[in-house]
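Please read the structure below before turning to the comments.
The values are calculated or read from the model by the stated rules, or taken from the named source; none is laboratory data. Keep in mind that this is a model prediction, so the values were computed, not measured. Counting neighbours? That spans all protein chains shown, and the Cβs are built from the backbone with ideal geometry, glycine included. Surface areas here come from the heavy atoms of the whole protein model, side chains and all, with no ligands, DNA or RNA. Shrake-Rupley method; radii C 1.70, N 1.55, O 1.52, S 1.80 Å.
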Amino acid sequence: MPALVIVGASLAGLRAAQGARRGGWEGEIVVVGEERHMPYARPPLSKELLTDAAQGVGDHLLPAELEATWLLGKRASGLDRRARRVALAGGEELAYERLVIATGCEPRRWAGPGAELAGVHTIRRAEDALALRAALAGAERVAILGAGFIGCEVAASARALGLEVSLFELASTPLPVLGPDLGERCAALHRAHGVVLRLGTGIASLRGAGGRVVAVELADGTVLDADLVVVALGAVPGTGWLAESGLALEPGVRCDVTLTAVGDPDVLAAGDVAAWPYPLAGKGLIRVEHWTNAAEQGSLAGRNAVLAPAARETFGGVPSFWSDQYGVRIQAVGLPALAQRMHLIEESEDGSRFVAVGERDGRAVGAVAFDGARRLPHYRRLIGEPLDLDALLAAIADDRHALQNRPTTATARTT
């Protein structure tokens, strides 16, 4: 009997299986995963799993008690939508009634000179983190290419291990998606913990000796010693196995608002690999590579897979993410990268805790908090709504849980 087949055995795939069962799917569920592990939490890969030598993948497994068949260590190699079959590497095929694609992303690798050298790492899977942890134990100088979330978290972890860290970023600040002002606050945080920031310059090559990396050459000709390099240049959606499927794949698996693949009602997608229309993005599609999005989309894709297309629920989740660096929790809701300006709405007296709201065309499009988790649910409700700064500041003035004292003026610092 044809099954519900879920390709991808990480968070989104697990949640899809759970969502389908809760939604009433009584038939077989088959979950295909390229890794040999049951689903595990990925956020610790750049944090706890790097800094605690006693931890292993088993410490971060996700509860996965449900009736399903798990095909682990199996890689999907193709999709025949006409025959309704998923091909696996090795020749096996799986028939499906409905298919959920949850294959996530792959790290973007360094493709320039020196890519073949030993000592060059990426981090996406548990084995990547364990290999990097072993390498860090024998390193002194670590170079990290890319100051996005993974690069910044690895930098913080390496500093916690007492290593010298250089963080390279082509943009003018770390975490460029937060904008220049908040990015500069992130830069100050890293500098305060001893990280050397190399911003606004590209990498020309990785230099080696004896087959191992020994230095990073910048675009301006500067050469800096490094005995370990971590490449954190972002990720690309895991759609290679779908190249001949006929699905629309740019910028990921193109979906409608119900997470149904464009042009095929029997295929859905969830998590990092899914691209869907989001109101704040105008006519464009977005992909979100964060934990909460994978969990929420996975659950909905599983529930929707049970239903006829006309009965499927629209995905209305507000994107959110968090990052822990040096004991500071950086959190955001919405899409702060879309903001035309950021308004610093709340701030503690010492400046260590704050909340900023991003505005575009008069609407709130995102909010960012440094150690302000308690405040974010309020700002989450504002996303997509007209932004009335006077009313917002008045509400904060009456809120005894706000980060700052009562504002003396109805204004916000704007960048």
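Side notes on the structure shown:
- Condition met for GLY238 (open to solvent by 30 Å² or more (accessible area, probe 1.4 Å), among the small types (Gly, Ala, Ser) and under 30 Å from GLY91 (Cβ atoms)): no
- Qualifying residue in the range 68-82 (condition: touching a residue at least 12 places away in the same chain (Cβ under 8 Å), of a type outside the set (Val, Ile, Thr), more than 22 Å from ALA155 (Cα to Cα) and in contact with a Pro (Cβ under 7 Å, 6 or more places away or on another chain)): no
- If you go through the range 218-253 and keep only what is within 28 Å of the chain's Cα centre (by Cα) and of a type in the set (Asp, Glu), you end up with ASP227, GLU244, GLU250.
- Options ALA134, ALA115, ALA139: the member that is open to solvent by 10 Å² or more (accessible area, probe 1.4 Å) and either under 19 Å from the mean Cα position of the chain (by Cα) or free of Cβ contacts under 8 Å to residues at least 40 places away in the same chain (or both): ALA134
- From SER205, SER157, residue being in contact with a Pro (Cβ under 8 Å, 6 or more places away or on another chain) and either modelled with pLDDT of 95 or more or part of a loop (DSSP other than H, G, I, E, B) (or both): SER205
- Which listed residue is more than 25 Å from the chain's Cα centre (by Cα), at positive phi and either open to solvent by 60 Å² or more (accessible area, probe 1.4 Å) or not β-branched (Val, Ile, Thr) (or both), from GLY146, GLY162: GLY162
- For LEU178: the one exception among (1) touching a helix residue (DSSP H, G or I) at 6+ places or on another chain (Cβ under 8 Å); (2) modelled with pLDDT of 95 or more: (2)
- When residues of the range 312-338 are limited to those that are touching an Asp or Glu at 6+ places or on another chain (Cβ under 8 Å) and open to solvent by 30 Å² or more (accessible area, probe 1.4 Å), the one farthest from ASP272 (Cα to Cα): ARG329
- Among the residues making up the range 197-220, a single one is open to solvent by less than 50 Å² (accessible area, probe 1.4 Å), among the small types (Gly, Ala, Ser) and without any contact (Cβ under 8 Å) to a residue 24 or more places away in the chain: ALA215.
- Each residue in the range 225-262 was checked for being in a loop (DSSP other than H, G, I, E, B), charged (D, E, K, R) and free of Cβ contacts under 8 Å to residues at least 60 places away in the same chain, and 2 pass.
- Just one of the listed residues (GLU169, GLU127) is open to solvent by 50 Å² or more (accessible area, probe 1.4 Å) and either within 15 Å of the chain's Cα centre (by Cα) or not aliphatic (A, V, I, L, M) (or both), namely GLU127.
- Residue satisfying all of: in the range 173-189; of a type in the set (Gly, Ala, Ser) and within 21 Å of the chain's Cα centre (by Cα); nearest to GLY358 (Cα to Cα) among these: GLY179
- Within the range 263-290, the set of residues being in a loop (DSSP other than H, G, I, E, B), without any contact (Cβ under 8 Å) to a residue 40 or more places away in the chain and within 21 Å of LEU99 (Cα to Cα) comprises GLY263, VAL288.
- Looking at LEU335, LEU300, LEU268, LEU259, just one residue is farther than 30 Å from GLU26 by Cβ and either out of contact with any Phe, Trp or Tyr (no Cβ under 6 Å at 6 or more places or on another chain) or modelled with pLDDT of 95 or more (or both), and that residue is LEU335.
- Tabulated pairs, the range 365-391, first open to solvent by 50 Å² or more (accessible area, probe 1.4 Å), second modelled with pLDDT under 90 and not charged (D, E, K, R), C-beta under 6 angstrom, 6+ apart or interchain: ASP390/ALA410
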